[in-house]
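J.: Okay, handing you the structure first.
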Amino acid sequence: MTRIPAVFLAVLLCLILLSAPAAAVPADVDSRDVKVAYPQVYGLGAAGEKINQALGGEIDRYLAKNAADVNKFANDGLRLRKVEVAVSHAVSYNDNNLLSVVINEWAYTGGAHPMSYKRAFTFDTRTGDALRLADLFRDGAGYRARLNSLLTEQIAARQIPIFDFSPFAGVKDNQEFYLTADGLVVYYQLYEYTPYAFGFLEFPIPYAQLADLLKPGLATPAKE
């Protein structure tokens, strides 16, 4: 298996929410604290630029939505004492021509607790294309049935507190996921199936449990 060179990430810290492509945050917000880290991929040419645009676009989208939400509060006559926003990222996988980056989005605008979102992207580093979950598997592999079985087993074994009013529906067409050195992680957002206190609902699945379904290269990650 041909290995790609290591991908180096640089971070740009943006401390002003108004840098987001959104309407200005109203003046009746008492204070704002915004910390944003934009990942940058180097050494991959046009593919790297495509990856950077996808990652930066997601962060810009989130900042714009946050600014719009704050504006809505103001338009509804609510005064916010403090707005805090933080966006960070981590590389969970960088091997076999694949790169997984997890973006963590966090904001607090008052209320009982902050709200967080996890947005993961997996790219083919040769083309810069973002991959869907289905792209990891051989054509006609029936991966959804296998994954749904494994997820259901984990729910029972881990005694995960799934909401009674939102029965677990398994893998979606636009299922969110990321890769690690050990396996595939399928995940769901806060409140999607479990209480806030549970955190993000994540299902780590070792590659060995999917080896007969995965496209070549993933089932046996290259070793250093």
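The values are calculated or read from the model by the stated rules, or taken from the named source; none is laboratory data. For clarity, every value in this text was computed on a predicted model and none was experimentally measured. Glycine gets a Cβ as well: all are built from the backbone with ideal geometry, and neighbour counts include every protein chain shown.
J.: Hey, among K172, K118, which residue is under 22 Å from E58 (Cα atoms), outside the structural domain of G45 (by TED's automatic domain parsing) and basic (K, R)?
T.: Selected residue: K172, the only one of K172, K118 that is under 22 Å from E58 (Cα atoms), outside the structural domain of G45 (by TED's automatic domain parsing) and basic (K, R).
J.: Can I ask one more? Hey, any hits in region 81-89 for a residue that's acidic (D, E) and within 28 Å of Y42 (Cα to Cα)?
T.: Checked against the condition, which is being acidic (D, E) and within 28 Å of Y42 (Cα to Cα), region 81-89 yields no hits at all.
J.: Being among the β-branched types (V, I, T) and over 26 Å from L213 (Cβ atoms): is that true of T125 here?
T.: Values: among the β-branched types (V, I, T): yes; over 26 Å from L213 (Cβ atoms): no.
Spelling it out, it is not the case that T125 is among the β-branched types (V, I, T) and over 26 Å from L213 (Cβ atoms).
J.: Something else about it: Hey, A74 hits all of (1) small (G, A, S); (2) surrounded by 15 or more Cβ atoms within 10 Å (Cβ to Cβ); (3) at pLDDT below 50 but one; which does it fall short on?
T.: Of everything listed in (1) small (G, A, S); (2) surrounded by 15 or more Cβ atoms within 10 Å (Cβ to Cβ); (3) at pLDDT below 50, A74 misses just condition (3).
J.: Give the residues of region 162-191 that are touching a helix residue (DSSP H, G or I) at 6+ places or on another chain (Cβ under 6 Å) and farther than 23 Å from L218 by Cα, sorted by residue number.
T.: L190
J.: Test L184 against the stated conditions and say whether it is surrounded by 12 or more Cβ atoms within 10 Å (Cβ to Cβ), farther than 30 Å from A46 by Cα and not assigned by TED's automatic domain parsing to the domain that holds N66.
T.: no
J.: Take the conditions surrounded by 16 or more Cβ atoms within 10 Å (Cβ to Cβ) and in the same structural domain as P39 (by TED's automatic domain parsing) and apply them to T125. Does it pass?
T.: Here the answer is yes, as T125 does meet what is asked.
J.: Are any of the residues in region 178-193 at negative phi and part of a helix (DSSP H, G or I)?
T.: no
J.: Do we find a residue being outside any loop (DSSP other than H, G, I, E, B) and of a type in the set (D, E) anywhere in region 149-163? Walk me through it before giving the result.
T.: First, the residues of region 149-163 that are outside any loop (DSSP other than H, G, I, E, B): 149-158.
Keeping just the survivors that are of a type in the set (D, E) gives 153.
Checking region 149-163: at least one residue is outside any loop (DSSP other than H, G, I, E, B) and of a type in the set (D, E).
J.: Now for a different question. Only one of R138, R158 is basic (K, R), outside the structural domain of G56 (by TED's automatic domain parsing) and either touching a residue at least 60 places away in the same chain (Cβ under 8 Å) or touching a helix residue (DSSP H, G or I) at 6+ places or on another chain (Cβ under 9 Å) (or both). Can you tell me which?
T.: So the residue among R138, R158 that is basic (K, R), outside the structural domain of G56 (by TED's automatic domain parsing) and either touching a residue at least 60 places away in the same chain (Cβ under 8 Å) or touching a helix residue (DSSP H, G or I) at 6+ places or on another chain (Cβ under 9 Å) (or both) is R138.
J.: Within region 97-151, how many residues are basic (K, R), closer than 23 Å to P39 by Cβ and at pLDDT 95 or above? Can you show your working first?
T.: Within region 97-151, the first condition is being basic (K, R), and the residues that meet it are 118-119, 126, 132, 138, 144, 146.
Narrowing further to those that are closer than 23 Å to P39 by Cβ: 118-119, 126, 132.
Those still in the list that are at pLDDT 95 or above too: 118-119, 132.
Counting residues in region 97-151 that are basic (K, R), closer than 23 Å to P39 by Cβ and at pLDDT 95 or above gives 3.
J.: Another question, if that's okay. Which residue pairs have Cβ atoms closer than 6 Å, lie 6 or more positions apart in sequence or on different chains, and pair a first residue in region 49-71 that is under 20 Å from K118 (Cβ atoms) and in contact (Cβ under 8 Å) with a residue 60 or more places away in the chain with a second residue that is surrounded by fewer than 20 Cβ atoms within 10 Å (Cβ to Cβ) and of a type in the set (A, V, I, L, M, F, W, C)?
T.: Short answer, once both residue conditions are applied: A54/A130.
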